[in-house]
1. Just one of LYS117, LYS65, LYS91 is basic (Lys, Arg) and modelled with pLDDT of 95 or more; which is it?
2. Tell me, which residue of the stretch 18-52 that is acidic (Asp, Glu) and assigned to a loop (DSSP other than H, G, I, E, B) is farthest from LYS8 (Cα to Cα)?
3. When you scan the stretch 8-62, how many residues do you find that are modelled with pLDDT of 95 or more, among the acidic types (Asp, Glu) and over 25 Å from ASN92 (Cβ atoms)?
4. Out of everything in the stretch 53-93 that is assigned to a helix (DSSP H, G or I) and in contact (Cβ under 8 Å) with a residue 24 or more places away in the chain, what residue ends up being farthest from ALA27 (Cα to Cα)?
5. Please specify each residue of the stretch 9-20 satisfying the condition of being of a type in the set (Ser, Thr, Tyr) and surrounded by 14 or more Cβ atoms within 10 Å (Cβ to Cβ).
Amino acid sequence: MEREEQEKIFSKKIRAGKRTYFFDVRATRSNDYYLTVTESRRFQKDGDFVYEKSKLFIYKEDFDKVVEALQETVNHIKSELMPHVDFEQFKNTEDDFHDKHHAKKNDEDFLLGSSYKWD
């Protein structure tokens with residue numbers, strides 16, 4: 001197993017149009033934990049799709065400061081700069097719908113090919 005695979009403890013993926021964000025908890029050799037935030041952006045180059053990645057490392061001593069600053073910044077945008085926008089509309093995106101539908105279809109395909117019998 002590669003070192004990269006051993007280090008990843010927890011992962012959360014968020015799809016956002018042509019971008020995907022990964023929040024990964026990783027461990028150091030001395031079992032200290034940190035967070036990596038990776039943005040993967042898909043775009044076309046020379047007729048092919050390519051991915052550009054940017055990565056941010058956040059260490060345990062900065063967790064609370066980063067979360068607080070992020071929340072304060074988002075709240076400022078929502079309340080001061082864009083109070084007219086209904087941010088609730090973005091909670092269930094089209095990507096979420098497709099992900100759930102695709103997962104459900106895969107479950108159905110699995111069950112149809114299995115020994116389960118439908119009444």
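The values are calculated or read from the model by the stated rules, or taken from the named source; none is laboratory data. Remember, predicted model here, so these are calculated numbers, not experimental data. Note: ideal-geometry Cβ built from the backbone for every residue, glycine included; neighbour counts use all protein chains shown.
1. On the way: LYS117 fails: modelled with pLDDT of 95 or more; LYS91 fails: modelled with pLDDT of 95 or more.
The unique qualifying residue is LYS65.
2. Residues of the stretch 18-52 that are acidic (Asp, Glu), as a first pass: 24, 32, 39, 46, 48, 52.
Keeping just the survivors that are assigned to a loop (DSSP other than H, G, I, E, B) gives 32, 46.
Working: ASP32: 12, ASP46: 33 Å.
The extreme case among them is ASP46.
3. Qualifying residue count, the stretch 8-62: 2.
4. From the stretch 53-93, those assigned to a helix (DSSP H, G or I) are 60-81, 87-90; that's our starting set.
Adding the requirement that they be in contact (Cβ under 8 Å) with a residue 24 or more places away in the chain leaves 60, 63.
Working: LYS60: 11, PHE63: 15 Å.
Here the answer is PHE63.
5. Here is the first cut: in the stretch 9-20, the residues of a type in the set (Ser, Thr, Tyr) are 11, 20.
Correct list: THR20 only.
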